[in-house]
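Read the structure below first, then the notes.
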2 protein chains.
Amino acid sequence: MSATIKDVAKLAEVSISTVSRVINDSKPVSPEVRRRVLNAIEELGYKPNEVARSLVTKKSNLIGLIVNDIGDSYVAQIVRGVEEVGRMYNYDIVLCSSYGSKDTEIKFAQVLRRKQVEGIIVVSEILNKEIIEQIKEYKIPYVYLNKYYDSIESPTVSIDNYEASCMMTEYLISLGHKNILYVTNEKDMDLTIEKDKIKAYRDTMELNKVESHIYAVSGHGIDDGYNIGEKVKELYNTKGITAVFCCQDEIAIGLINYFYDQNMRVPNDISISGYGDIKLASIYRPELTTIKEPYYDIGAVAIRRIIKELKGEGVEEQSINLPIQIMKRESCERIY
Amino acid sequence: MSATIKDVAKLAEVSISTVSRVINDSKPVSPEVRRRVLNAIEELGYKPNEVARSLVTKKSNLIGLIVNDIGDSYVAQIVRGVEEVGRMYNYDIVLCSSYGSKDTEIKFAQVLRRKQVEGIIVVSEILNKEIIEQIKEYKIPYVYLNKYYDSIESPTVSIDNYEASCMMTEYLISLGHKNILYVTNEKDMDLTIEKDKIKAYRDTMELNKVESHIYAVSGHGIDDGYNIGEKVKELYNTKGITAVFCCQDEIAIGLINYFYDQNMRVPNDISISGYGDIKLASIYRPELTTIKEPYYDIGAVAIRRIIKELKGEGVEEQSINLPIQIMKRESCERIY
DNA sequence: GTGAAAGCGCTAACAG
DNA sequence: CTGTTAGCGCTTTCAC
């Protein structure tokens, strides 16, 4: 079918090793011969077969990326980061979407391993110890990214969630709010980062001598935020809540949607903040005040770590924390 | 490092061919021997090396996917479709993001070819004849997807844009609107599908004996929609425009943002419709009335086509049209 | 039913 | 500088 190194060698009247040398610039070749080879390559439209190359060099130049769902904007941002820096080092990305299935995640790890990927990045939203153990067995570099759950003894990159939540609570208080509701997620609360975030909220409220109010929601989608609207409205009426700090942007947006439908205005009637800074946060009206989780950077740093390890360069500590940024936008307002 | 077929053969005391046979179920193997081999595989944790396998079978089980930007939600939906059905046929996806660069698109086509991908799907937003010619040379199945430009003599899958635009115009008219503004995109207007959509709009308006109003915007982002807000507001005041049919959802949302900031209510003051049904369309408030371009299905059908061709099953016509659906939501209202 | 051997396209010693 | 050769890990004739 397609031209091989042999065809080139024959046409250029040299040995295949010489062809290999000019392709890879691996050893000196005389100008004259090089020219002949280059011509032959040109003439035949020869393109090296990376599969054959991989087999001998044992370098697939592939990084496996197992994600929950590429349709989630934050996942897409991570993928962008991973791909873009991977590309700089000549790595291609094999993408697998698990849609939250534990078994699928594990299956993909196996698939990727057979494909000889040199590293694996997992972007998960569930608790899955098995996949970690699986990947550890492969003895290839990996990074485990999970927005919700604590990264179980794995290399990871994120932000300091305790610190971030302190900052947001502090900010809300600085705006004059005294009755601030924290909306958390009830699922596996003590295994998720929510435990840190709740503690941060509590500590900061206490420090400022104001009372804590916590309400737990069951999911973390926009719908879930919408659905707690009624309850929050009740709290607004009975407890005089003036600000809501939601543990996820989606919850915040759902909540705003609810208020929109109820003809209550945000931030005029109530301030709402999120956590994450998903793409929608800055598009939505009102624009959402939130904590930025730098997804693109998370992806970029994750693959950078893997590549470093692959190159045998020393890798730093297990988990890398990126700088925190609080995005002060429209949805939270000063209260007097 | 990792166990190979040889190790298994040795441990099971058979030849490597036998091992291969049991792995692939390619030829009968006596139960007794099969058991021994299976045991050995188990014991060594042996996993076939797909790279080696690919080299001999010339099947990489890889499909290349060149996209504009995975961060765009519609792209992500296409990718989901591609990946999910690819997976059913045991194909993995290698993802490349071009970010709108012609050269990058071409470079990726080459990279993918060298990786021996069996097919290529291009999701582009620019005009790039070269990449098509490039891929055609490779003689591998491909599908070209472009939301904006006519797919230049290539297999593609989309909806009938003329028909869809007729339906939307018709719908707006049926709501009682007489002064409907169509917002198009000025760039390469006669090479893009806009020419069909404009024609559809014009034809339908004419058929209903109402005057056409067309305004062209320069980009197709949310910002662009926002930026024409002033102009549209002017048209609203001077020409009595009561509905705006935007050629893209993003434009529509930008426009709604503008009106939000101007304290004009959609749809109370003005009805606005989009085109595409991006994810945001149903999340946004007010929910956006729009034409659904079934991105997931587009991706799914695209890869299905490639796989069919790979299997030598007859492939239907060049371009496949999917059913049209108009999503009647909040942003367009009856006028009296 | 099983094994020996050739070879996929390429890289990397090893000679010369 | 260049060619010869031995694999990389696997599938696939071809004999037995």
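A few notes on this one:
- Pairs linking a residue in segment B:9-21 that is touching a residue at least 60 places away in the same chain (Cβ under 8 Å) to a residue that is among the hydrophobic types (A, V, I, L, M, F, W, C) and more than 8 Å from DNA strand C (Cβ to nearest atom), with Cβ atoms under 6 Å and 6 or more positions apart or on different chains, do not occur.
- B:Asp103 fulfils the conditions (1) free of Cβ contacts under 8 Å to residues at least 12 places away in the same chain; (2) within 9 Å of chain A (Cβ to nearest Cβ); (3) over 23 Å from A:Phe108 (Cβ atoms) except for a single criterion, (2).
- Selection within segment A:237-269 - of a type in the set (A, V, I, L, M, F, W, C) and away from chain B (no Cβ under 14 Å): A:Ile241, A:Ala243, A:Val244, A:Phe245, A:Cys246, A:Cys247
- Within segment A:91-104, the set of residues being over 15 Å from A:Ile306 (Cα atoms) and part of a loop (DSSP other than H, G, I, E, B) comprises A:Ser98, A:Tyr99, A:Gly100, A:Ser101.
- The residues of segment B:156-182 that are in a helix (DSSP H, G or I) and within 21 Å of the chain's Cα centre (by Cα), listed by number, are B:Asn161, B:Tyr162, B:Glu163, B:Ala164, B:Ser165.
- In the set A:Glu137, A:Glu163, only one residue is out of contact with any Cys (no Cβ under 6 Å at 6 or more places or on another chain) and closer than 30 Å to B:Glu50 by Cβ; that residue is A:Glu137.
Okay, residues lined up against (1) at pLDDT below 95; (2) surrounded by fewer than 23 Cβ atoms within 10 Å (Cβ to Cβ); (3) touching a Lys or Arg at 6+ places or on another chain (Cβ under 6 Å):
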residue: A:Asp261; (1), (2), (3): yes, yes, no
residue: A:Ile270; (1), (2), (3): no, no, no
residue: A:Tyr275; (1), (2), (3): no, no, no
residue: A:Lys279; (1), (2), (3): yes, yes, no
residue: A:Arg285; (1), (2), (3): yes, yes, no
residue: A:Ile291; (1), (2), (3): no, no, no
residue: A:Val301; (1), (2), (3): no, yes, no
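- Restricting segment B:29-62 to residues that are over 24 Å from A:Phe108 (Cβ atoms) and crowded, with 16+ Cβ neighbours inside 10 Å, the residue that is farthest from DNA strand D (Cβ to nearest atom): B:Arg36
- Scanning segment B:43-51 turns up no residue that is touching a Gly at 6+ places or on another chain (Cβ under 7 Å) and at pLDDT 95 or above.
- Condition met for A:Ser218 (over 18 Å from the mean Cα position of the chain (by Cα) and at pLDDT below 95): yes
- Near pairs, Cβ below 7 angstrom, 6+ apart or cross-chain, from segment A:40-69 (more than 8 Å from chain B (Cβ to nearest Cβ) and more than 16 Å from B:Tyr138 (Cα to Cα)) to any residue that is within 9 Å of DNA strand C (Cβ to nearest atom) and assigned to a helix (DSSP H, G or I): A:Ala40/A:Val8
- Candidates in segment A:7-16 are the residues that are touching a Lys or Arg at 6+ places or on another chain (Cβ under 9 Å) and surrounded by fewer than 18 Cβ atoms within 10 Å (Cβ to Cβ); of these, the one that is nearest to the other protein chains (Cβ to nearest Cβ) is A:Ile16.
- Restricting the first member to segment B:73-97 and to residues that are more than 7 Å from chain A (Cβ to nearest Cβ), and the second to residues that are hydroxyl-bearing (Ser, Thr, Tyr) and assigned to a helix (DSSP H, G or I), the beta-carbon pairs closer than 6 Å and six or more apart or on different chains are B:Tyr74/B:Tyr295; B:Ile78/B:Tyr295; B:Gly81/B:Tyr296.
- For B:Glu133, the conditions (1) in a strand (DSSP E or B); (2) over 18 Å from B:Ala300 (Cβ atoms) all hold with the exception of (1).
- Test: residue in segment A:141-164 that is without any contact (Cβ under 8 Å) to a residue 24 or more places away in the chain and of a type in the set (Phe, Trp, Tyr): yes
- Scan of segment B:62-90 for residues that are part of a loop (DSSP other than H, G, I, E, B) and in contact with a helix residue (DSSP H, G or I) (Cβ under 7 Å, 6 or more places away or on another chain), ordered by number: B:Asn68, B:Asp69, B:Ile70, B:Gly71, B:Tyr89
The values are calculated or read from the model by the stated rules, or taken from the named source; none is laboratory data. Source: prediction; values computed, not measured. Quick reminder, even Gly has a Cβ in these numbers, built from the backbone with ideal geometry, and neighbours come from all protein chains shown.
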